[in-house]
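Following: one structure in structure tokens, then a few remarks.
The values are calculated or read from the model by the stated rules, or taken from the named source; none is laboratory data. Owing to the predicted nature of the structure, the values given are computational and were not obtained by experimental measurement. Please note: Cβ atoms are built from the backbone with ideal geometry, for glycine as well, and neighbour counts cover all protein chains shown.
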Amino acid sequence: MKNINKLSLSLIAIGLMGSFYATAQNSVLSVSPVLETRSHFADAQGNFTDVDDPAIWIHPTNKAKSIVVTTLKKGGLDVYDLAGKLIQFVPPAPAPACADTQAECDNKGGRFNNADIIYDFKLNGKNTDIVVVSDRGLDKLAIYSIVSDAKGTRLVDVTAANGPLIFATNQDEINEGLTAYGLAAVKTDKSMAFVSQNSTTAIEQLELFDDGKGKVNYRSMTRMNFPSLFTLPNGKVWTPCADDDGEAPHFEGMVADTAHGFLYLAQEDVGIWKADLKNPANSQEWQLVAKVKKYGVPYSRTWDAGEEEYICKLDFAKDPGYGSDKLLADAEGLTIYDGGNGKGYLLASSQGNNTVAVYDRDGDNQFVNSFTVADGEIDGVNETDGMMVVNVNLGGRFDQGMLVMQDGQNKGPKPSADDARENSNFKYVAWRDIASKLNLPVDTKDMTRK
């Protein structure tokens, strides 16, 4: 995810790419959101809340009662109905107490980054739908069962208290920030979560299990370390420009495709990878199926003492042409539109030009088209991190499915004092509108619990 101020500096440094972004965005088809959730603000008054990732849960018998679970990072979780109405707020865990062995106590509380759904997880002998969340502040998973009854639909915490740290070995390492980041959850013969590490190329594969005490725990299966250096066709070795010497090109957006047996992973400054879901650690099967525009582009770095980071200047005059102008860094949220029988689309947030790139789910993932979510009766979508699409008929405007997207630059309907504050929320987009504009076939069969 790009900070808005950093993004501005990057665009200034890139120079000519700014006009490229504008041209690219103007040339794609656009739709508008149907509705939006409440606003959140990343300042002290707003409790430093910055929304990130949605997960859509499909009700088994009454699709109109489906819900959207959203991460708010330090703010916790918001749960919304299909009208965008808040039905539950879940606060994050408090910071752990300081230990005598810590040299410095800078412990942080929970910070929910990404969320995903697993259907029919066996808990207490019963099929239970669960929400799995990456907790960047505690370097753990947070897990909630979804309860729907006469009282309504709500999340219930079922996280085992003794869940292990995912990447860190102690609290001091957690405080350094190299913790759980992006997440994808999937059920095959096992229930699993794939979790990326902030500022590194590591991906941890975890197995989720019933601990026998009414809670869900998890254990490590394997760790994958993706490349940070790339040998280009011209023989040169390239790595993405970083604003800190300790950073590697990390991942956030991920999604599993059980029909084809693949895991897709978005390495933000590199592109989209495809791995074998049955044996994801087999690096011989890793494929970089889409590269960001700046892939292989030379650059220079200048230290900015005020920002305490490097400013990257990309030299697009020497662009070797290995990247794609359909995917502009950051490559962020990934989600799959299930068209049935293995058909459908892989959607990717092309954050650099505020578009969504659509790829064929089948074969070698050929690029299909792009679209942007522009201003309509409510404002459009910009700086998207997480997003999720479902094909299921949810009724009303969402009778052909729905796409929920994080909007990193939310604007109110009328000018107000809040306009100067960093404001984010989620937008609901009708898949009907997208399919119509892009001439995509539609299949609304519910395959969530197949």
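Residues of the range 45-74 that are at pLDDT 95 or above, surrounded by 22 or more Cβ atoms within 10 Å (Cβ to Cβ) and either among the basic types (K, R) or assigned to a loop (DSSP other than H, G, I, E, B) (or both): V51, D52, D53, S66, L72, K73. Every condition in (1) of a type in the set (G, A, S); (2) in contact with a strand residue (DSSP E or B) (Cβ under 6 Å, 6 or more places away or on another chain); (3) part of a strand (DSSP E or B) is met by S148 except one, and the failing one is (2).
So, D116, is that one crowded, with 21+ Cβ neighbours inside 10 Å and either modelled with pLDDT of 95 or more or not in a loop (DSSP other than H, G, I, E, B) (or both) or not?
yes
Applying the condition of being within 15 Å of V69 (Cβ to Cβ) and of a type outside the set (V, I, T) to the range 122-148 and asking which residue is nearest to the chain's Cα centre (by Cα) yields S134.
May I ask you to verify whether N393 is within 16 Å of D338 (Cα to Cα), of a type in the set (S, T, N, Q) and crowded, with 17+ Cβ neighbours inside 10 Å?
Numbers: within 16 Å of D338 (Cα to Cα): yes; of a type in the set (S, T, N, Q): yes; crowded, with 17+ Cβ neighbours inside 10 Å: yes.
Against the criterion (within 16 Å of D338 (Cα to Cα), of a type in the set (S, T, N, Q) and crowded, with 17+ Cβ neighbours inside 10 Å), N393 qualifies.
For the range 317-342, the candidate set comprises residues that are under 21 Å from A290 (Cβ atoms), assigned to a strand (DSSP E or B) and of a type outside the set (A, V, I, L, M, F, W, C); within that set, the residue that is nearest to the chain's Cα centre (by Cα) is G333.
The residue pairs whose first member lies in the range 221-249 and is free of Cβ contacts under 8 Å to residues at least 24 places away in the same chain, whose second member is among the hydrophobic types (A, V, I, L, M, F, W, C) and not in a strand (DSSP E or B), and whose beta carbons are closer than 8 Å, counting only pairs six or more residues apart or on different chains, are V237/L229; T239/L229. Return the residues of the range 84-113 that are part of a loop (DSSP other than H, G, I, E, B), in contact with a Phe, Trp or Tyr (Cβ under 9 Å, 6 or more places away or on another chain) and farther than 26 Å from A193 by Cα; say none if nothing qualifies. Within the range 84-113, G84 is the sole residue that qualifies. For the range 359-371, the criterion of a residue being farther than 28 Å from W273 by Cα and β-branched (V, I, T) is satisfied by no position.
Going by what's in this entry, would V381 be described as crowded, with 22+ Cβ neighbours inside 10 Å and more than 19 Å from the chain's Cα centre (by Cα)? Considered against the rule, which asks whether it is crowded, with 22+ Cβ neighbours inside 10 Å and more than 19 Å from the chain's Cα centre (by Cα), V381 comes out as no. Note on the range 119-147: among residues that are hydrophobic (A, V, I, L, M, F, W, C), within 24 Å of N62 (Cβ to Cβ) and in contact (Cβ under 8 Å) with a residue 60 or more places away in the chain, the one that is surrounded by the fewest Cβ atoms within 10 Å (Cβ to Cβ) is I146.
Is it the case that A161 is among the aliphatic types (A, V, I, L, M), more than 24 Å from T258 (Cβ to Cβ) and at pLDDT 95 or above? Against the criterion (among the aliphatic types (A, V, I, L, M), more than 24 Å from T258 (Cβ to Cβ) and at pLDDT 95 or above), A161 qualifies. Looking at this structure, is E176 under 22 Å from D116 (Cβ atoms) and either over 21 Å from the mean Cα position of the chain (by Cα) or surrounded by fewer than 21 Cβ atoms within 10 Å (Cβ to Cβ) (or both)? No; evaluated as a whole, the condition is false for this residue. Any residue at all in the range 117-135 that's among the basic types (K, R) and closer than 26 Å to G253 by Cα? No; the residues of the range 117-135 include none that is among the basic types (K, R) and closer than 26 Å to G253 by Cα.
Against the list (1) free of Cβ contacts under 8 Å to residues at least 12 places away in the same chain; (2) charged (D, E, K, R); (3) not in a loop (DSSP other than H, G, I, E, B), the condition K414 fails is (3). Take the residues in the range 225-251 that are in a strand (DSSP E or B) and either touching a helix residue (DSSP H, G or I) at 6+ places or on another chain (Cβ under 6 Å) or of a type outside the set (A, V, I, L, M) (or both); name whichever of them is surrounded by the fewest Cβ atoms within 10 Å (Cβ to Cβ). Among those that are in a strand (DSSP E or B) and either touching a helix residue (DSSP H, G or I) at 6+ places or on another chain (Cβ under 6 Å) or of a type outside the set (A, V, I, L, M) (or both), it is T231. Exactly one residue out of Y345, Y428, Y359 is over 30 Å from V297 (Cα atoms), over 15 Å from the mean Cα position of the chain (by Cα) and in a strand (DSSP E or B), and it is Y428.
Residues in the range 148-173 that are closer than 23 Å to M192 by Cβ and either of a type in the set (V, I, T) or crowded, with 18+ Cβ neighbours inside 10 Å (or both): L155, V156, V158, T159, A160, G163, I166, F167, A168, T169.
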